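The structure under discussion appears below in the form of structure tokens.
The values are calculated or read from the model by the stated rules, or taken from the named source; none is laboratory data. Please read all numbers here as calculations on a predicted model, not as lab measurements. Virtual Cβ from ideal backbone geometry, glycine too; neighbours counted across all protein chains shown.
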Amino acid sequence: MYRSLATATLLVATCNVTFAQDTQSFDRIERGRYLSVLGDCAACHTAPGGQPFAGGLALQTPFGKLVAPNITPDRETGIGNMTDQEFIAALHEGRGMNGKRLYPAMPYPAYTKMSEEDVLALRAYFATVLPVSNRVIANQLPFPFNIRQAMMFWNTVNFTPGRYRPDPQKSAEWNRGAYIVEGAAHCGTCHTPKTILGGDKNDEALAGAALQGWFAPNITTDSHRGIGAWSKDDLIEYLKTGTNNWTLASGPMAEAVTHSTSRMTDEDISAIATYLKDSGERDSTRKPDPVVAEDNVMRAGAAIYKDSCAACHTDSGTGEVHLFPRLAGSPLVQSGDPTTLVRMVLLGGRAGSTASMPTAPAMPAFDWRLNNAQIAAVLTYVRNSWGNAASAVSSVAVANQRDTGTRR
Amino acid sequence: MPRKLPPKDVVIIGLGWTGSILGYELAKAGLDVVAIERGPWRDTATDFPPGYSQDELRYAVRLDLFLRPDQETLTFRNNMNQTALPIRNFVSFLPGNGVGGAGVHWNGQTWRFLPTDFRLRTHLEQRYGKDALPADMTIQDWPLSYDEIEPFYDRFEKLCGTSGKAGNIKGVKQSGGNPFEGWRSSEYPTPPLKQGLGATLFAEAARKTGHTPFPQPASNMSEAYTNPLGMKLGQCTYCGFCERFGCGNYSKASPQTCVLPALLRFPNFTAQTESEVTRINLDSTGKRATGVTYVDTSGEEWEQPANIVLVCAYALFNVRLMLLSGIGKPYDAQTGQGVVGRNYAYQTTSSVAVILKDKILNPFIATGAHGMIVDDYNGDNFDHAGLGFVGGGYMGMGQTNGRPISTRPVPSGTPKWGARWKKATSETYNRAMSLSTHASSYSYKDCYLDLDPSYRDRLGRPLMRMTFDFHENELKMSAFLTERLAEIAKALDPVELTKNPRKGPYTLNAYQTTHNTGGTVMGGDPANSVLNRYCQSWDVHNVFIPGGASVFPQNHGYNPTDTVGALAYWTADAIKDRYLRNPGPLM
């Protein structure tokens, strides 16, 4: 795709005018297709089992339901009538056709960083996909959130429009990684904590956030809760295959790996890893003291672990590489928010399948077998054994998730 | 009228080991493949998660994963003078049901046949003379040699991550392995399993009595393993829930753990479950198949046209489907003419039960193909001159499980129930071992499969009839093997030793093995085989039976799965490298 890092930088930093004018150029459409992979557009705009990009996947936001629209070139129900300027405005400014305000479930606060020629390449690609007639009612939010004009206020507080500006102090690869992470791949949409209004807490970028019944983990270089202990190769392997020596992707990240990161070029994956490994030391969270092993909850948890978990995750919490996630030293296991852990024990989950790692092993559900106190105990044990240290999980937290948890 | 579906390049009947392997190989080659499976979809984490997969009552006693006779059964009789009656409970053998087939519920024993097994009749007649074989014994040479199948054994074992210790690598004997085995191109993919105390004591006794024990080749993982398809298996936990169970720990090789997730990544592969193929359709010449007809659970009939039909069901049901579809001439035991249904064979097993003095054997620390084995009395590894029989088997101490409901050894004379029985089981459980022999079952003129004249299934099709009994050759062999095993067992200094040689007549009411073989035999001559050496029908060139045990000309002294898997790869290569280039008879 990108022959060299130099070319990559060129594509980020400059605007090739003649190139941009030929909307039928294969190179440009192919570049747009690849950008749709980087942006994982299909994740929202293709419904499960539906036609590509014909919309229809309902997104449960904290404010209500939004349905991703049809972005095929169908003139009636898709974006066939959209002008290039309107397409650019949608991605760069969050304004849809006829100036209609978009909701930031469409991650324009990230896409605003994409270069104009990349946005136009994406536009050229979407003009080539099969037009599908499928009318989508996108805005299904309750009052008052259904008033699109409210987004004008939201944007003034939470949205800074503007293209990505390369950091001349950093390498071309680092800048390429930053451009992808902050722009097209919109990693922060899930991984950055949100304000009460749903805007990014920019000073805590990528420090982990809860959404849709999962906790998108901290992917900063924090050595305790983040991925500070992962090598660059660990990160590359994870994005390429969905698994590495530490863990396996599951839930929404398994989908992101399957549909997006595993299909990225090796150069881009390496660039992402370079950027994530070098985006500021952030050991802001002090490692807490572990809950002591003699604690009654810990002893109960140890017994449950032996019975129900150790066969796969092993007595020492090491798991098995590429098959059973390692619990000892795992940042996700020790994260401040145990949402994903509780969910995994209650409902189970399945890793993603990729070409080189097709197994897609799964964790079974234990909701029918372990009660809230038992799940709280075994998770408290897992979070405070083999060198791990994190707050105890309460049975109330388990109970809340059991009641509200979405089924697989 | 069945509803006609769009045509496919390949239709696979049954999605077990052979169906999965052929599906993978042919989808990878770019063909449009559909697999039609009678039973349900089965997936490790959904259908046998470790949270409840070790449920002895559900799976081992109530047989949750197995075929129910109301889905399909067969009639049985011991000889041609009897009237066969339907099997209403499967006990002696247990056909599987659903995706993965027998590959889900097997123990994991992964044996190769001996080089001499592949030229059995020629070898025995050369060594012992033509008169040494009973007149009604219909054994024959395989249409391929051990040297030809060796690379395909190797491929299947690498698919499974089989654990073991080679005894012969490229002709060089290796200490610690089976000194009698055929040459291997490489060492086993994973090292041998750890052995329990029972197997360790047996191995000592075997050495003391002049034998050469070695660890049983096992497709239960001794360590984590990644196979050539990228599939990852985890280390076995020795929980002892293999046979009759799905493995919840990704530790036992199965289509689920070794093939299916990789296969499902191909967009040109589809699996159609809970749909039973009722016949293979032929064109007006009868020389070419046009596809299959199947019925779904609502009773609706569908026609699936295809250019290649692969018959990958369980051995017995491969035979029935060929009979129902009119492919190949049915075997007539009166005249010896015809081939479909001919040379049905089984397995001849026996045991020696011992109770030791003070040992704590912890038999629950077990896995499907655990154990130490001696192979001195298998095949023609020993001189049969003057013994009055041919054939043989392996013997040893294999601790497949110590499950609480069915593992209830007691000294002889113990009441069958009540307080004394309970006390005896608790005193004996940790000191008892069952040693076993696992031996050949050669084929005979009067052991065969045909369509039953009276009984029909729920769709109105005739049931298949099994006519089978152990012959004197096999019973003498079993007595001989059981005596040899008892001699080793005596070196364990047991307080009690009970010999259980196989005795006739064959009965259906005790589990023996699910190693039903023959009926669609492969061979070099259309007069005595259904398939040529590429597992291709002699009569209908686009029908293959790629390696199910129904292609075995007779059954040898080893478990069938390794040979089944090797023949699946052998046939896949023949289709890819020969048949696709020039569709037609390959011989």
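Summary table below
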{"read-out": "Counted residues, the range A:194-215 - those being crowded, with 20+ Cβ neighbours inside 10 Å and over 24 Å from A:THR265 (Cβ atoms)", "value": "6"}
{"read-out": "Positions within the range B:253-273 being in contact (Cβ under 8 Å) with a residue 24 or more places away in the chain and surrounded by fewer than 17 Cβ atoms within 10 Å (Cβ to Cβ), in sequence order", "value": "B:ASN268, B:THR270"}
{"read-out": "Which listed residue is closer than 30 Å to B:HIS471 by Cβ and either crowded, with 19+ Cβ neighbours inside 10 Å or free of Cβ contacts under 8 Å to residues at least 40 places away in the same chain (or both), from B:GLY371, B:GLY388", "value": "B:GLY371"}
{"read-out": "Helices (runs of 4 or more DSSP H) fully within the range A:75-138 counting 3 or more residues that are more than 21 Å from A:GLY183 (Cβ to Cβ) and touching a residue at least 40 places away in the same chain (Cβ under 8 Å)", "value": "none"}
{"read-out": "Enumeration of residues in the range A:262-307 that are small (Gly, Ala, Ser), surrounded by fewer than 20 Cβ atoms within 10 Å (Cβ to Cβ) and either at pLDDT below 95 or within 30 Å of the chain's Cα centre (by Cα) (or both)", "value": "A:SER279, A:GLY280, A:SER284, A:ALA293"}
{"read-out": "Output for the range B:496-522, where each listed residue is touching a helix residue (DSSP H, G or I) at 6+ places or on another chain (Cβ under 8 Å) and more than 25 Å from B:THR212 (Cα to Cα)", "value": "B:LYS503, B:GLY504, B:THR514, B:HIS515, B:ASN516, B:THR517, B:GLY518, B:GLY519, B:THR520, B:VAL521, B:MET522"}
{"read-out": "Cβ-Cβ under 6 Å pairs, at least 6 apart or on other chains, the range B:288-302 side closer than 24 Å to B:HIS541 by Cβ, far side in a strand (DSSP E or B) and at pLDDT below 95", "value": "none"}
{"read-out": "Elements of type helices (runs of 4 or more DSSP H) contained in the range B:99-184, each with 3 or more residues being within 23 Å of the chain's Cα centre (by Cα)", "value": "B:102-105, B:146-160"}
{"read-out": "Unique match (being buried (at least 20 other Cβ atoms within 10 Å of the Cβ) and either of a type in the set (Lys, Arg) or more than 13 Å from chain B (Cβ to nearest Cβ) (or both)) among A:ALA377, A:ALA389, A:ALA365, A:ALA397", "value": "A:ALA377"}
{"read-out": "Members of the range B:476-498 that are among the basic types (Lys, Arg) and surrounded by fewer than 16 Cβ atoms within 10 Å (Cβ to Cβ)", "value": "B:LYS490"}
{"read-out": "Residues that are more than 11 Å from A:ARG135 (Cα to Cα), under 21 Å from the mean Cα position of the chain (by Cα) and not β-branched (Val, Ile, Thr), drawn from the range A:51-67", "value": "A:PRO52, A:PHE53, A:LEU57, A:ALA58, A:LEU59, A:GLN60, A:PRO62, A:PHE63, A:GLY64, A:LYS65, A:LEU66"}
{"read-out": "The range B:24-36, residues that are within 14 Å of chain A (Cβ to nearest Cβ) and surrounded by 19 or more Cβ atoms within 10 Å (Cβ to Cβ)", "value": "B:TYR24, B:ALA27"}
{"read-out": "Set B:VAL354, B:VAL410: member being surrounded by 24 or more Cβ atoms within 10 Å (Cβ to Cβ) and either among the β-branched types (Val, Ile, Thr) or in a loop (DSSP other than H, G, I, E, B) (or both)", "value": "B:VAL354"}
{"read-out": "Filtered residues of the range B:99-130 (kept if of a type in the set (Val, Ile, Thr) and farther than 23 Å from B:GLY371 by Cα)", "value": "B:VAL99, B:THR116, B:THR122"}
{"read-out": "Residue in the range A:124-142 that is farther than 27 Å from A:ILE29 by Cβ and surrounded by 15 or more Cβ atoms within 10 Å (Cβ to Cβ) present", "value": "yes"}
{"read-out": "Flag for A:GLY39 being in contact (Cβ under 8 Å) with a residue 60 or more places away in the chain, among the small types (Gly, Ala, Ser) and surrounded by 15 or more Cβ atoms within 10 Å (Cβ to Cβ)", "value": "yes"}
{"read-out": "Failed item in (1) at positive phi; (2) assigned to a loop (DSSP other than H, G, I, E, B), with B:GLY518 passing the rest", "value": "(2)"}
{"read-out": "Whichever residue in the range B:124-155 is surrounded by 15 or more Cβ atoms within 10 Å (Cβ to Cβ) and hydroxyl-bearing (Ser, Thr, Tyr) and, among such residues, is nearest to B:ALA218 (Cα to Cα)", "value": "B:TYR153"}
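So that you can scan it fast, the table gives a plain yes or no per residue for (1) farther than 30 Å from A:ALA351 by Cα; (2) in a loop (DSSP other than H, G, I, E, B); (3) in contact with a helix residue (DSSP H, G or I) (Cβ under 9 Å, 6 or more places away or on another chain); (4) within 14 Å of chain A (Cβ to nearest Cβ):
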{"site": "B:ARG38", "(1), (2), (3), (4)": "no, yes, yes, no"}
{"site": "B:ALA45", "(1), (2), (3), (4)": "no, no, no, yes"}
{"site": "B:TYR59", "(1), (2), (3), (4)": "no, no, yes, no"}
{"site": "B:ARG68", "(1), (2), (3), (4)": "yes, yes, no, no"}
{"site": "B:PHE76", "(1), (2), (3), (4)": "yes, no, no, no"}
{"site": "B:ASN89", "(1), (2), (3), (4)": "yes, yes, no, no"}
